[in-house]
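For reference, the structure is listed below as structure tokens.
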Amino acid sequence: MSAILPPSERMWWNQPIDKLEFIWIAIALVWSLVMFAMMIWWHIYGNQNLANETYKTTKEMYAAKAQAVVDQYTVRTGDDTEKQFPIVKPPAGSDIYLIGRLWDWWPIYELEQGKTYKLHLSTMDYMHGFSLQPQNINIQVHPNYDHVIKITPNQAGTYSIVCNEYCGIGHHTMVGRMYVKKGGE
Amino acid sequence: MATTYRICPRSGLQFNSDAEKLMRWHAVAGVLSLLVGGIMALGVILTRWPAVKLLEADTFYMVLTAHGLNMLIFWIIFFEMAVLLFASSTLLRCRLAMPRLAWFSFWLMAIGAVMTNIAVFQGESSVMFTSYVPMMAKPHFYLGIILFAVGALLTCFIFLGTLVVAKSEKTYEGSVPLVTFGALTACIIAIFTIASGAIILIPTLLWSLGYIREIDSLMYRTVWWALGHSSQQVNVSAHVAIWYAIAAIVFGAKPMSEKVSRTAYFLYILFLQLASAHHILSDPGLGSEWKVVNTSYFMYFAVFASMIHGMTVPGAIEQAQRLKGYNKGLFEWLRKAPWGNPAFSSMFLSLVGFGFLGGISGVMMGAEQLNMLIHNTIYVPGHFHATVVIGTTLAFMGLTYFLVPVLFKRELLFPGYAKIFPYLFGLSMYMVALVMMGAGTLGVARRHWDMSFAGAPMAYEWPGAAYLMMGLTGIFGTIACVSGGLWILQIVFSLLFGKKLEEGEKLSMPIPLTLPAPTPGGAAHPPATPGTMVLALIFLTAFILYYFVNWKYLSSLWGMA
């Protein structure tokens with residue numbers, strides 16, 4: 001009988017499974033396990049894993065830390081196309097704090113290719129989305145959480161940070177910037 | 001008024017009068033929500049089409065909020081409640097448990113849907129379907145969703161009560177039909193889903209009223225997605241049940257193996273809910289171990305289950321067709337299928353689109369690290385338009401063609417349109433999903449009014465291909481909206497003006513279902529299904545290739561640890 005009627009065999013559990021159906025089940029199971037293993041394998045051997053390091057913070061505390069880095073390492077003030085934001089060039093290995101707020105990413109960092117930095121992400125109001133283009137790295141950014149990600153830019157260039165979490169009427173104007181320079185430039 | 005039963009002369013199904021009336025009202029409320037959501041869809045698509053850019057930013061975000069809510073919550077859940085009533089009272093041929101309560105819950109849902117829509121169109125609750133804190137909507141926005149959810153929850157219990165009625169009044173023999181089993185799976189997941197929604201939305205309502213000072217944004221996302229994603233798993237269970245139902249109705253197809261199909265459903269119950277993790281893979285504050293275990297539905301056991309259904313549904317059709325003599329080669333069974341029957345063509349396009357476009361993309365972006373490539377890009381709506389529109393909505397629309405004569409007792413008007421509709425709507429949605437995923441792969445953001453960043457000094461210039469794909473999204477999205485709108489008109493006109501059909505015999509007592517005695521010497525060995533196996537292997541090849549291409553792409557990015 002069909003699928004909209006009760007099974008015709010009362011003891012349907014004992015019916016043998018069709019051979020091709022069984023082969024497909026085996027293939028599907030193996031593929032499922034391969035995909036599961038792939039994520040673990042990448043944690044061990046891959047170079048792109050999202051960090052787990054996160055701290056509870058407050059907006060004031062986080063803003064103060066960002067300000068301290070900006071005060072210490074600002075090399076110049078941006079022009080009008082850079083919203084006159086501070087351009088900050090911290091030494092390799094340092095903690096850099098990026099602030100998401102309505103509707104800016106502040107400040108602008110200048111990093112060196114091949115060097116590692118500890119990028120901190122948090123917001124001052126709503127949630128925002130850190131979307132680094134044209135790399136296409138996308139990370140959710142929360143208020144009151146300080147997310148610490150070790151990044152190693154592998155290519156010099158001008159990068160944009162698009163906000164990709166809806167944050168109100170000016171959402172589409174929320175674009176920030178990051179520069180990556182070759183060593184010695 | 002005592003409840004009565006009728007046997008539909010066209011399908012042989014037996015309808016209980018209480019349940020039948022409720023199903024009709026739920027289906028109509030669902031289609032009305034679809035109408036509102038569809039009009040909103042047109043607004044969304046015509047704004048995101050860079051050359052058109054129809055709406056202003058504030059209107060766009062309001063329309064987008066209304067689109068998400070009416071489609072993902074109201075249309076689908078109203079229709080699913082009708083499916084639950086059908087799978088219990090009709091398929092088990094019994095009376096409905098607590099019909100008065102069922103009406104009460106229907107009206108709760110209806111009032112909730114209207115209330116939330118009012119809140120959205122008043123313009124101060126443009127917080128998107130997800131209503132992430134700390135962005136605040138008006139209290140009646142949350143209250144409407146809560147009322148709707150409570151109504152749906154009560155209907156879930158009425159479904160369970162009806163199963164008890166059928167069992168104790170012995171209206172069927174043996175086990176419940178597979179389709180009812182699938183509906184039961186959907187119901188169990190729905191209860192989990194709705195409870196999660198209540199756990200997060202009730203405090204959020206109190207916050208919006210000023211009684212709670214703060215809702216943690218990470219807690220909100222973690223719990224909210226147990227509503228937001230798991231409710232989509234209700235859809236999966238429901239539309240897979242409908243695939244089996246349509247295969248049974250159109251071909252008389254019998255499941256290849258009751259054991260396999262039911263076990264696959266059982267895996268859904270155990271593991272599907274874990275998928276709310278998909279949305280928080282790129283969030284801080286949750287450990288990788290938690291992410292890996294949850295995003296993979298433990299060890300991809302729910303994907304495994306879907307891959308099984310993906311083979312056993314066409315496999316059951318192939319067996320039924322081969323028994324009818326369509327035995328030539330690998331694919332005669334498929335070539336000779338009734339491609340002009342909209343119930344079948346919708347179901348088949350739903351199955352293929354759900355697997356190839358929705359399934360593969362969903363698993364790819366659900367891998368913990370790969371998620372960083374697509375989180376919050378327009379790839380995500382590309383994926384879920386393949387699952388929810390092509391998978392769920394198209395299956396529901398196909399079933400509706402069957403329900404017009406059977407449940408509503410009306411002759412379908414414009415049958416010529418019914419023949420082409422699944423292709424017109426289904427294939428244009430295939431294209432919408434594909435080009436959205438393409439634009440998302442290039443990074444284009446979802447929920448974004450203007451990809452040219454008008455007014456932003458540091459504007460980013462998307463590659464030309466991204467503009468091309470957003471333009472194509474506009475073109476194919478418009479075709480889908482218009483053909484979907486015509487479908488709504490066709491159904492509404494048929495219900496209002498279609499020729500009334502014979503009702504069938506009225507009975508005061510249900511006729512229990514008796515099964516024919518098992519054939520002596522056991523059932524004949526069913527034919528093998530090589531055609532389905534070939535299709536399944538093509539699917540697997542596409543899956544593996546696409547999966548690893550994305551790891552390759554990931555490996556080219558900045559180092560992150």
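Partner aspartates and glutamates whose Cα lies under 13 Å from the Cα of A:Lys182, excluding those fewer than 8 positions away in the same chain, are identified as A:Glu110, A:Glu112. Between 0 and 90 degrees, the angle of helix B:17-48 with respect to the longest Cα principal axis of chain B falls at about 30 degrees. The string of couplings for region B:362-370 from the Karplus curve (6.51, -1.76, 1.60, θ = phi - 60°) is x, 5, 4, 6, x, 6, 3, 6, 5 Hz, one whole number per residue in order, with x for Gly and Pro.
Candidates B:Val250, B:Leu34, B:Leu270 compared by Cα position along the dipole of chain B: farthest toward the positive end lies B:Val250, with charges placed on Cβ.
Cβ under 14 Å from A:Asn136's Cβ, A:Asn136 left aside: what net charge do those residues give with Lys, Arg +1 and Asp, Glu -1?
+2
For A:Tyr97, the residues whose amide H sits under 5 Å from its own are A:His120, ignoring neighbours fewer than 5 places away on the same chain, with H placed 1.01 Å from N. Think of each Lys and Arg Cβ as +1 and each Asp and Glu Cβ as -1; about the Cα centre, that makes the dipole of the protein assembly as shown roughly 1680 debye. In region B:1-135, taking the dipole from charged Cβ atoms about the Cα centre, the farthest positive-side position among B:Tyr5, B:Ser88, B:Leu69 is held by B:Tyr5.
Give me the lysines in straight-line cross-link reach of B:Lys21: C-alpha distance below 22 Å, same-chain residues under 8 apart excluded. Leaving aside lysines fewer than 8 places away in the same chain, those within reach of B:Lys21 are B:Lys409, B:Lys499, B:Lys500, B:Lys506. Sites counted here are GluC sites (Glu not before Pro) in a DSSP loop (not H, G, I, E or B) having no more than 16 other Cβ atoms within 10 Å; the longest part of chain B that contains none of them is B:215-410. Pick out, from A:Gln140, A:His172, A:Thr116, the residue whose Cα sits farthest towards the positive end of the charge dipole of region A:78-185, with +1 on the Cβ of Lys and Arg and -1 on the Cβ of Asp and Glu. Positive-end residue among those listed: A:Thr116. Note on chain B: helix-only mean residue ellipticity at 222 nm, from DSSP H runs of 4+ residues weighted -39500 (n - 2.57) and normalised by residue number, equals -21500 deg cm²/dmol. Whole-Hz Karplus values for region B:137-146 come out as 9, 5, x, 6, 4, 5, 4, x, 5, 5 Hz, taken residue by residue from phi with 6.51 cos²θ - 1.76 cosθ + 1.60 and θ = phi - 60°; glycine and proline positions read x. Amide H contacts of B:Met256 (H built 1.01 Å from N, in plane; Pro and chain starts excluded): B:Ala316 sit under 5 Å, all sequence-distant by 5 or more or on other chains. Counting every other Cβ atom within 10 Å of each residue's Cβ, B:Ile158, B:Ile390, A:Ile96 order from fewest to most as A:Ile96, B:Ile158, B:Ile390.
With loop defined by DSSP as not H, G, I, E or B, and exposure as at most 13 other Cβ atoms within 10 Å, which is the longest segment of chain B clear of exposed trypsin sites (Lys or Arg not before Pro)? Mind dumping the intermediate values first?
Working: sites that count: B:Arg10, B:Lys170, B:Arg213, B:Lys324, B:Lys328, B:Lys336, B:Lys499.
Longest gap between qualifying sites, sites excluded: B:337-498.
Give, as a single signed number, the net charge of other residues whose beta carbon lies under 13 Å from the beta carbon of A:Ile25, with Lys and Arg counted +1 and Asp and Glu -1. Working shown, then result.
Numbers: positive: A:Lys19, B:Lys259; negative: A:Asp18, A:Glu21.
Cβ neighbours under 13 Å give a net charge of 0.
In a reduced charge model with +1 at each Lys and Arg Cβ and -1 at each Asp and Glu Cβ, chain B shows a dipole moment near 1320 debye about its Cα centre. What you get for region A:54-181, charging only the Cβ of Lys and Arg (+1) and of Asp and Glu (-1), is a dipole of about 300 debye around the Cα centre.
As a rough footprinting exposure proxy, the listed residues B:Leu281, B:Leu486, B:Leu334 were ranked by other beta carbons within 10 Å of their own, and the order from fewest upward is B:Leu486, B:Leu334, B:Leu281. Close amide H contacts of B:Gly559 (hydrogens built in the peptide plane, cut-off under 5 Å, sequence separation of 5 or more or a different chain): A:Thr152, A:Asn154.
Pairs exceeding 19 Å between alpha-carbon atoms, taken from B:Lys53/B:Lys138; A:Lys89/A:Lys118; A:Lys65/A:Lys89: B:Lys53/B:Lys138. For chain A, the 222 nm mean residue ellipticity estimated from helices alone, with every DSSP H stretch of n ≥ 4 adding -39500 (n - 2.57) and the total spread over all residues, rounds to -8000 deg cm²/dmol.
Cα centroids of region A:117-150 and region B:356-404: 26 Å apart. Annotation: lysines with alpha-carbon distance below 17 angstrom to B:Lys254 (same-chain offsets under eight excluded): A:Lys19, B:Lys324.
Taking a sphere under 11 Å around the Cβ of A:Ile151 and counting the other residues whose Cβ falls inside, with K and R at +1 and D and E at -1, yields a net charge of +3.
3J(HN,Hα) couplings calculated from phi for region B:549-555 with the Karplus curve 6.51 cos²θ - 1.76 cosθ + 1.60 (θ = phi - 60°) are, in sequence order, 4, 6, 5, 4, 4, 4, 5 Hz; Gly and Pro show x. The ranking of B:Met437, A:Met61, B:Met347 by Cβ neighbour count inside 10 Å, starting from the fewest, reads A:Met61, B:Met437, B:Met347.
No lab work stands behind these numbers, since they all come straight from the coordinates. What you see is a predicted model; the values in this text were computed from it and never measured. As a convention, Cβ positions derive from the backbone with ideal geometry for all residues, glycine included, and neighbour counts pool all protein chains shown.
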